[in-house]
Amino acid sequence: MKKRKFFSAVMACSMVLALTGCGGNSTTPTTTQAPTTTASQETTTTAATTEASTTTQAQPSGGEAVTLKWAIWDQDATPYWIALKDAYEEKNDNVTIELIDLGSSDYMTVLATQLSGDTSTFDVVTVKDVPGYATLVQKNTIEPLDDYISKANIDLSLYGGATDQIMVDGKLYQLPFRNDFWVLFYNKDLFDKAGVEYPTNDMTFEQYDALARQVSSSDFGSSVYGAHYHTWRSAVQLFGVLDGEHSILSGTYDFFKPYYEMILNQEADGICRSFTNLKTEGLHYSAAFSGGDVAMMNMGSWFISTMISNLQSGDYDSSLCGNWAIAKYPHAEGVEAGSTLGTITGIAVSTGASNKDAAWDFVEFVSGTEGAKVMAETGNFPAIMTSEAMDIISSLDGFPQDEQSKAALEVSNLYLEVPYAENVSEINSILDSYHSSIMSGEMTIDEGIAAMNDAIGKIINK
Amino acid sequence: MKSARRKAIVGKVIVYVILFLLAAFMIVPFLWMLSSSIKSDREVFQMNPFVWIPKNPRWNNYVEIWKRMDFTRYIGNTALLTVVVTFLQLLTSSFAAYSFAKLHFKHKDKLFLAYIATIAVPWQVYMVPQFIMMSNVFHLNGKLTAMICLQAFSAFGVFMMRQFYMGIPDELCEAARIDGMSEYMIYLKIMLPLSKPSLATLTIFTFVATWNDYLGPLIYLTPNKANWTIQLGIKNSFIGQYSSQYGLLMAASVVSLIPVLIVFLILQKNFVEGVASTGIKG
Amino acid sequence: MSEGKKKEETVQNEALIKGREQKERRRTLVALSFIAPNFIGFAVFTLIPVVFAFVLAFTRWDGSNPIQFAGISNFTKLFSDKFFLAALKNTIIYCIGTVPLTLIASLALAILLNQQICGRGIFRTVAFFPYVASLVAVTAVWKMLFSQSGPVNAILYYVFHVENKDLPQWFVGNLVMVSYILFSVWKFMGYYMVIYLAGLQGISKELYEAASLDGANTWQKFTSITWPQLKPTTFFVSVMLTINCFKVFDVATLLAGGDNNTLTISSTVLVHYIYQKGFIEWDLGYASAVAMVLFLLVLAVTLIQFKGEKNYANS
C-alpha cells in the first residue's frame, strides 16, 4: 500500500511539474499568434508615425523609459557590444540597453536553456551560429521579423545573399549584423626566403596546392609548412561548396573527396601539420601562424583583428609573422574568384520581449548601416559590407598595406558555413564527427563519405 | 634479529622510492599549471614539454587577474556557497544515513535504492525539467539559493555515510538502547564522534565539488553577473570566442586551488588510526 | 476449547498486536524523521525532475513547445542508431577497464598512505591532486605525455625499439579507450583513496594485534582482516565507480574532443551523446531514452553489487 502511495505521490508531483511545464508552454502558441496581431496593430501605428515624421520613428515608444535586456558574450574582450549600446543610447535617450554576458564557450546552450525557462529573460538576443538559430526558431523563442522588415522597407539584398540561406519556411527570424568570411592569410617573409611568388587573388586549387608545395621546406631548423588547416571541418571539406553547385544539406557528399585527397596528400608529404597532432597538442591556429613557420593558412576574417592587435601589443613576434598579408580564397576550375565561406552573427527579438517594437528598433539599428559603421570602426566585419565599412577596415593601423590585401576583402559569392535546414544541428554534428574520422585516419576517405551519405541521407529522407 | 631489521629498512626504502615516483607522477599537472600561469598565451599554446620556466616569466599575470575580473566577489560567492552547502550536506546526510544503517522500517531497502538510482541518472538529462521547475515554480533563476537547493541534499552523501555507519557494530547501538538512550542521542553521542573520518571525507568531497562546479553555476547563475562563482568567472573572462588567455586562466586557477588544498591538508589529519577504533569493542 | 476462551485469546492477541504495531509505528516515525530533512530537499529538487525525465523518454519535447507523446518510438530508434550503439559499446569497455583498475590502485594507495611515514599529509595531498587540479591543466599534461613525439612514445622508441612509423597514436581509433582508462585511473585514484582511508580508520587495531600474535604475515592480515572489514567501503567505492564511469563525459571531450568537442565513432560515450541530443539538437525525449538505457545498465550492476553486500551482511 505504502509503495503505491509513494509512487502516486511522486507521479502527482511530476504531473504538477508537467502541467507547469506545459502551462508555461501552452501559452507559447498563443504568443506566437499574438505577435502577428500585435505586430499588425503596431504596424499601423508605426506606419502612421512614419507618414507623420521620420524623427518619431527613431523613438517608437514615444519617449517613455525602456530597458532592453540583450544577451551577448565576452563583454570585456569584445569592444563592439558597448560601442553599439552607446551609439544607440545616444540616439535614443529614453532607451537603456542592459548587456547580459553569457560567456562565449557555452553561449547557445545557456541561452536556449534560459529561454526554455522563461522567454522574457531577454528582449533581444544575439544568435551565435546557424544551428543555434535553428534551435531558437524551433523552440518558438524568437520572433519572425518579416512584418517589421517589410514595414521598415529594409533591402535584404544588402546582406549579399546571406539572409536567403537562413530563411525558415520563407520567414526570417534574425538579421545578421556581423559577417566573417574566409580568406587566405600568408607570411610574405617565407615566400621571399623561398623565392616563390606570393599567392594571388585568383588561384585555382591546383595552383594553390602547387604553391604550398613550392614554399614548404623540410630543412632541419628552418622547416616551413606550406599550408596550415585548423581542425574544424570548415577548413577542409567546405572547399567543396564554393562552386555554388554543392551544399552540405544535399545528403550526398562525394564532392568532398578531391579536397580531402589534396589535404591528406599534403599531410603525408609534410606540407602541413598532421590533423592528429594538432588535435592532441591542441595547437591553436593563431599560435601556428604567428610561430613563423606557416606560409599560408585559410581562416576567417576575424583573425585579421587578432593579428593586428597582438602584433601591436607585442604578443606576437613581428620578426616571425609581422610581414603578413591576405588573399582571396582559391577557387575551383571555372568558378569566379572571390567565392568564399561566411559565418554570420545575427540579432533577434525574443518572443517574450516586453516591448517588441522597441526591441525591433534596436535590432534594426544594429543590423543596419549605422550598426555596420560601428562594427567596422571596432575592426569587425559588418554584415552589410558597404564600401565605407571596407575603407574603414582596410585603413586600420596595422592592416596589410598592399593593394591585393585590400581587394581580397571583396566577396563575390558568400556561402554560409552552415545554412539553415530543419535538422541542421544533427547534420552539422554528423559531418563534424566523420570529418574527424577521415582526417585522423580512423576511416578512409571513401568510408567516411559513405558513412556521411548514409547517416545524413536517412535524416533528409525522413 | 639483525636481518629482520635490515629487511625492515629495505622495505622502508622501497616504500619511499615508490612514494616519490608516484608523487612526481601526480604533481606534474600542478607544475604545469604553475608554469603556464607565468607564460604568455602563445607560450602556453606551444606546449613545449621542455620549457617549464619561460624566458620572461610573467608574474604580472597574478596581478592582472584581480583587475580583469571581479575576482574578490567571485571568491566571496563561491566561499559562501561552499560553506552553506557543505554544512547542510553534512547535517542532513549523516542524519538520514543513520536511519538507513541502524534503524528498521518498511521498504527501507527500496527507498535506499531510489536514492542510489538517482545518482545513476546523468544530470544532463533532468537538467532542463529541473531548470524550468526552479525558475518557474520557485523563481530562483540567477540566485545563489538555487545552487544551495540543488547541491545540499545529494543522495551521494547519504549513501557514503550509510556505508561508514554500516561498519560500526550494531551492538553499540543496542547497548545504548537498553540503557534507555533515544535514537537522537545515540546518533549525537555515539555515531557522530565515531564517524569523524567519514565526516572529513564528505566535507572534502562536498567542498571540492561545490568549489569546482562549473555546469550548475553555468545554467543557473550566468545571467546574473553579481552571483558568478570562481569557475564561471574564470571561464567567461578568459576563454573568448576567437582567442583565449590561458596564462591568466591558469594563474586564476592556481589561486582558486589554494583553499581546496588547505582544506584537504587540514582534514586529512582525521585519517589517523585509532580515532574510530577506540570504544568499538563495546 | 470453548468459544469464550478463544475470544479472550484473540482479544489478547489483538491487544498485543496493536501494541506491537504502535511500537513499530513509533519506530518507523523516528526512522523517517531522520530521513526527512534530506529526503524532502532531495525529492523536490532531484527526484521529481528525475522522474519527469523518465516520462520524457516516451515523448518528443524540445524544452519549449508542448510535449508530444511518442510511445516507444524513441527506443526503437535506438537500435538502428550507429552513434548510440558505438557510444554504448565504448562506455561499457571503458567501465570494464576503469572500475577494477581504479579500485585496486586506490586501495593500494590508501594502505600505503595509511602507514607511519614522514610527510604523510603532503603525500596524500599530492595523490589527491589530479582530482582537484583544473581539468584543462590535467588533460594538457596527459596529452603532452602521450603525444606523438611525447615522453611515452620516446620510451617506446628508445627503450623498446618500436619503429617510428609504428609508434602508437594514443588518441585515435582503438587506442582512445586505453587512453581514457589510463587517464581516469590516474585522475580518480586519489579520490577513491580518500574514501578507503576513511574506511581503514574504522578497523580496530586489536584485530591486527591478535593476528600478529597468531603469527599472520602481512598478506594474511590483509585477506583476513583488512579486506573483509572494508566490505561496506568497497561496496560504496565500487558502486560509485561504476556509476561515475558510466557517466564519463569530461574525460572524453577533453582528451579526444578537440576545440569543438567532436567525438568520432571510436571515441564517443553515452553522456556525450546525451548532451549532443539534448543540448545541441534539443531532442530531449531521445536524450532521455538514451539515459534510460544507461540507467538500467547501472541499476543492473548496482543490484548485483547490492546483493553481494547483503550476502556479506548475513554471513
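Could you identify the single residue in A:Tyr133, A:Tyr88, A:Tyr173 that is modelled with pLDDT of 95 or more, open to solvent by 10 Å² or more (accessible area, probe 1.4 Å) and not small (Gly, Ala, Ser)? Steps first, please.
Details: A:Tyr133 fails: open to solvent by 10 Å² or more (accessible area, probe 1.4 Å); A:Tyr88 fails: open to solvent by 10 Å² or more (accessible area, probe 1.4 Å).
Exactly one of A:Tyr133, A:Tyr88, A:Tyr173 is modelled with pLDDT of 95 or more, open to solvent by 10 Å² or more (accessible area, probe 1.4 Å) and not small (Gly, Ala, Ser), namely A:Tyr173.
Among the residues in segment C:43-58, are any outside any helix (DSSP H, G or I), open to solvent by 40 Å² or more (accessible area, probe 1.4 Å), within 8 Å of another protein chain (Cβ to nearest Cβ) and aliphatic (A, V, I, L, M)?
Step one: filter segment C:43-58 for residues outside any helix (DSSP H, G or I), giving C:57-58.
Right, trim to open to solvent by 40 Å² or more (accessible area, probe 1.4 Å) and you get C:58.
If we keep only those that are within 8 Å of another protein chain (Cβ to nearest Cβ) as well, we get none.
No, segment C:43-58 has no match at all.
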**Residue list for segment A:383-404, restricted to those being crowded, with 22+ Cβ neighbours inside 10 Å and either over 28 Å from A:Tyr198 (Cβ atoms) or of a type in the set (D, E, K, R) (or both)** = A:Ala383, A:Ile384
**Asked** Restricting to segment A:176-212, what's the tally of residues that are more than 16 Å from A:Ser412 (Cβ to Cβ), open to solvent by 10 Å² or more (accessible area, probe 1.4 Å) and of a type in the set (S, T, N, Q)?
**Response** 1
**Asked** Could you give every pair whose Cβ atoms fall below 7 Å, whose first residue belongs to segment C:222-244 and is of a type outside the set (A, V, I, L, M), and whose second residue is open to solvent by 50 Å² or more (accessible area, probe 1.4 Å), counting only separations of at least 6 or pairs across chains?
**Response** C:Lys231/C:Tyr312; C:Pro232/B:Met166
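Scan segment B:141-176 for residues that are assigned to a loop (DSSP other than H, G, I, E, B) and facing chain C (nearest Cβ under 10 Å) and jot them down.
Pass one, segment B:141-176, residues assigned to a loop (DSSP other than H, G, I, E, B): B:141-143, B:152-154, B:167-169.
Within segment B:141-176, B:Ala152, B:Phe153, B:Ser154, B:Gly167, B:Ile168, B:Pro169 meet the criteria.
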**Asked** Here are C:Phe123, C:Phe129: which of them is touching a residue at least 24 places away in the same chain (Cβ under 8 Å) and outside any loop (DSSP other than H, G, I, E, B)?
**Response** C:Phe129
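Every residue, every condition in (1) open to solvent by 10 Å² or more (accessible area, probe 1.4 Å); (2) at the interface with chain B (Cβ under 10 Å from one of its Cβ atoms); (3) not aromatic (Phe, Trp, Tyr), yes or no:
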| residue | (1), (2), (3) |
| --- | --- |
| C:Ala210 | yes, no, yes |
| C:Trp227 | yes, no, no |
| C:Lys231 | yes, yes, yes |
| C:Lys247 | yes, yes, yes |
| C:Thr264 | no, no, yes |
| C:Val269 | no, no, yes |
| C:Met292 | yes, yes, yes |
| C:Lys307 | yes, no, yes |
**Complete:** Expected single match for of a type in the set (Phe, Trp, Tyr), at pLDDT 90 or above, farther than 30 Å from B:Ala155 by Cβ and open to solvent by 10 Å² or more (accessible area, probe 1.4 Å) among C:Phe222, C:Phe188, C:Phe146, C:Phe160 is C:Phe222
**Request:** Filter segment C:89-120 down to the residues that are within 8 Å of chain B (Cβ to nearest Cβ) and in a helix (DSSP H, G or I), then identify the one that is most open to solvent (accessible area, probe 1.4 Å).
**Result:** C:Leu112
**Complete:** Across segment B:1-57, the tally of residues that are at pLDDT 80 or above, of a type in the set (Val, Ile, Thr) and part of a helix (DSSP H, G or I) stands at 9
**Prompt:** Taking helices (runs of 4 or more DSSP H) that do not extend beyond segment B:201-282, which have at least 2 residues that are at pLDDT 90 or above, at the interface with chain A (Cβ under 9 Å from one of its Cβ atoms) and open to solvent by less than 10 Å² (accessible area, probe 1.4 Å)?
**Reply:** B:215-221
**Request:** Starting from residues that are in contact with a Phe, Trp or Tyr (Cβ under 9 Å, 6 or more places away or on another chain) and part of a loop (DSSP other than H, G, I, E, B), keep the ones in segment A:419-441 and report whichever is least open to solvent (accessible area, probe 1.4 Å).
**Result:** A:Tyr420
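Restricting to segment B:93-117, name every residue that is in a helix (DSSP H, G or I) and open to solvent by 10 Å² or more (accessible area, probe 1.4 Å).
The initial filter retains those residues of segment B:93-117 that are in a helix (DSSP H, G or I), namely B:93-102, B:108-117.
Listed by number, the residues that qualify are B:Phe95, B:Ala101, B:Lys102, B:Lys108, B:Asp109, B:Lys110, B:Leu111, B:Leu113, B:Ala114, B:Ala117.
The values are calculated or read from the model by the stated rules, or taken from the named source; none is laboratory data. Computed from a prediction, not measured in an experiment: that's the story for all the values here. Don't worry about glycine lacking a Cβ; one is built from the backbone with ideal geometry, like all the others, and counts go over all protein chains shown. When the accessible area is computed, the model is the full protein with side chains, heavy atoms only, and any ligands, DNA or RNA have been set aside. Shrake-Rupley method; radii C 1.70, N 1.55, O 1.52, S 1.80 Å.
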